[in-house]
Amino acid sequence: MSWNTFGRVFRFTTWGESHGPAIGAVVDGCPPGLALSEADIQPFLDARRPGQNKFTTQRQEPDAVRILSGAFEGRTTGTPISLLIENTDQRSKDYSEIANTYRPGHADYAYDAKYGFRDYRGGGRSSARETAMRVAAGAVARLVIPEIRITAYVSEIGGDAIDRASFDRDEIGRNPFWCPSPDAARRWETLVDEARKAGSSLGAVVECVAEGVPAGWGAPLYAKLDADLAAGMMSINAVKGVEIGDGFGAARLSGEENADAMMPGEDGPDFAANHAGGIAGGISTGQPVTCRVAFKPTSSILTPVDSITRSGEAAQVRTKGRHDPCVGIRGTPVVEAMMALVLADHRLLHRAQCG
């Protein structure tokens, strides 16, 4: 069977296809009495919205969200919250040439192998269009964890990484790349534009930090906070790798280097470092929860790539249409949303067991 629901206590289910009439989500398990309106959700969707600059897909979708249920007089009722976004700018004819040919790097072949059928218009259910509903659900999740500050940013595009010495949080919202370094943002303008004009694409690394997470969320084994965080991030389209804290870098440290030494503090321990990314043994330590997410290059490119047809014949594919030259850019608000969704779920899980 196919799973379309994420979470345990705070759960959301998405539905819809890229070129269908609408996409939507049902958020269940949200506590009652929280202030909620479309205006609380729309700014996060606007951050992800396509067509805002030449470095993203030019599909023009307003992504205007409607709340159909679960709120009354501006407050959540504790019942399922149904969210709807209409699709308004589909161009299905752009995909007619790949109706019987698989796009390498996409889910076309794997989807067909599983179901014996596929919606070739933009990938159907496997399209990144679905992530708009994760962002909408994530906006609701933030209401459950208002004291936590979540910040995601792009730290690398096409192998060109930011200089940590020039990190400036205030720069993140000032450029189209969600980049904390003005120097890197200027370099990336040329890098991404050249890839776009060449009919190619680039990968990216998105980092996410959640500040204010208290110690104690998570579980030792099958509901580890880092395991759920990794699962949530890996479920995002085009994500091929997730690191918590230092991630693979921890394998290159000695035991004493990686230990995150502790000292007495006023409200619990003070830590000398945060190699663990704010999670030890599956449970939050009170330090910032950090992760890095690797996005592959967009597979829909104009450069011809060898492939096969549904009948097994050799073919070449060049994907027409409007696609992101670097999907990690618009993936940044999605990473933030998944962090919020995981943390909201774990807050309620923790409350259920420990009060």
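Restricting the calculation to Cα atoms, the chain shows an Rg/Rh of 0.98 when the hydrodynamic-style radius is the Kirkwood one.
Taking a ≥ b ≥ c as the square roots of the eigenvalues of the Cα gyration tensor, an a/c ratio of 1.5 or more together with a/b no larger than b/c marks the range 111-210 as oblate. Each residue of the range 110-118 was assigned a 3J(HN,Hα) from its phi angle through the Karplus expression (A = 6.51, B = -1.76, C = 1.60, θ = phi - 60°), giving 4, 4, 5, 5, 6, 9, x, 6, 8 Hz with x at Gly and Pro.
With loop defined by DSSP as not H, G, I, E or B, and exposure as at most 16 other Cβ atoms within 10 Å, which is the longest segment of the chain clear of exposed trypsin sites (Lys or Arg not before Pro)? No qualifying site falls inside 92-309, the longest such stretch. Over the chain, calculate the relative contact order: mean separation of alpha carbon pairs under 8 Å at least 6 apart, over the residue count, as a percent. After rounding, I find 23 percent.
A Gaussian network model of the chain, with springs between Cα atoms under 10 Å, assigns the largest mean-square fluctuation among Q42, Q287, Q316 to Q316.
Accessible surface area normalised per residue over the range 230-290 is 54 Å², counting heavy atoms of protein chains with a 1.4 Å rolling probe. For the range 292-339 versus the range 194-246, the spacing of their alpha-carbon centroids is 18 Å. Using the Cβ-Cβ distance between R169 and Y115 with R0 set to 56 Å, the FRET efficiency works out to roughly 0.80. Residues whose amide H falls under 5 Å from that of S69, counting only those 5 or more places apart or on a different chain, are S82, with hydrogens built in the peptide plane. For the range 170-307, the relative contact order comes to 35 percent (Cα pairs under 8 Å, sequence separation of at least 6).
In this label model, D306 and L68 are separated by 4.7 nm, measuring between points 7 Å along each Cα→Cβ vector.
Counting only residues at least eight positions apart within a chain, or on another chain, the aspartates and glutamates with an alpha carbon under 14 Å from that of K224 are D345. Taking a label point 7 Å from the Cα of R149 along the Cα→Cβ vector, which residues of the range 267-311 have an amide N closer than 14 Å to it? Inside the label zone: 288-289.
For the modelled label position 7 Å from the Cα of T77 along Cα-to-Cβ, which residues of the range 29-48 have backbone nitrogen atoms closer than 17 Å? In the range 29-48, the label zone of T77 (backbone N under 17 Å from the point 7 Å along Cα→Cβ) covers 29-38.
When the square roots of the Cα gyration tensor eigenvalues are ordered a ≥ b ≥ c, the ratio a/c for the range 169-236 is 1.5 or more and a/b does not exceed b/c, which makes its shape oblate. Calculated [222 nm] ellipticity per residue, helices only, for the chain: -8000 deg cm²/dmol; basis is -39500 (n - 2.57) per DSSP H run with n ≥ 4, divided by all residues, nearest 500. Converting phi to 3J(HN,Hα) with the Karplus coefficients 6.51, -1.76 and 1.60 and the offset θ = phi - 60°, the range 68-81 yields 9, 7, x, 9, 9, 6, x, 10, 5, 9, x, 9, x, 9 Hz in sequence order, with x at every glycine or proline. Based on Cα contacts under 8 Å between residues 6+ apart, the range 227-324 shows a relative contact order of 24 percent.
For the range 230-309, the list of GluC sites (Glu not before Pro) that fall in a loop by DSSP and count at most 10 other C-beta atoms within 10 angstrom reads E256, E266.
Summarising the amide proton neighbourhood of A280: residues at separation of 5 or more, or on other chains, whose placed amide H is nearer than 5 Å comprise T285. Applied to the range 223-239, the Karplus parametrisation 6.51 cos²θ - 1.76 cosθ + 1.60 on θ = phi - 60° returns per-residue 3J(HN,Hα) values of 9, 4, 4, 6, 5, 5, 5, 5, 5, x, 5, 5, 7, 6, 4, 6, 7 Hz, with x for Gly and Pro.
Within the listed set G286, G159, G265, the residue fluctuating most in the Gaussian network model of the chain (springs between alpha-carbon atoms under 10 angstrom) is G265.
Exposed loop sites here are chymotrypsin sites (Phe, Trp or Tyr not before Pro) in DSSP loop states with at most 16 other C-beta atoms within 10 Å. What is the longest stretch of the chain lacking them? Free of exposed loop sites, the longest segment is 223-355.
Return the equivalent ellipsoid semi-axes of the range 261-355 as a descending list in whole Å, where each equals the square root of 5 times an eigenvalue of the C-alpha gyration tensor.
Semi-axes (√(5λ), whole Å): 45, 16, 13.
Of the accessible area of the range 206-352, computed with a 1.4 Å probe over protein heavy atoms only, carbon and sulfur atoms account for 55 percent.
The values are calculated or read from the model by the stated rules, or taken from the named source; none is laboratory data. Predicted model only: the values in this text are computed from it and were never measured. FYI the Cβ positions are ideal-geometry reconstructions off the backbone, even for glycines, and counts take in every protein chain you see. Note: accessible area is taken over every heavy atom of the protein model, side chains too, but ligands, DNA and RNA are not part of it. Shrake-Rupley method; radii C 1.70, N 1.55, O 1.52, S 1.80 Å.
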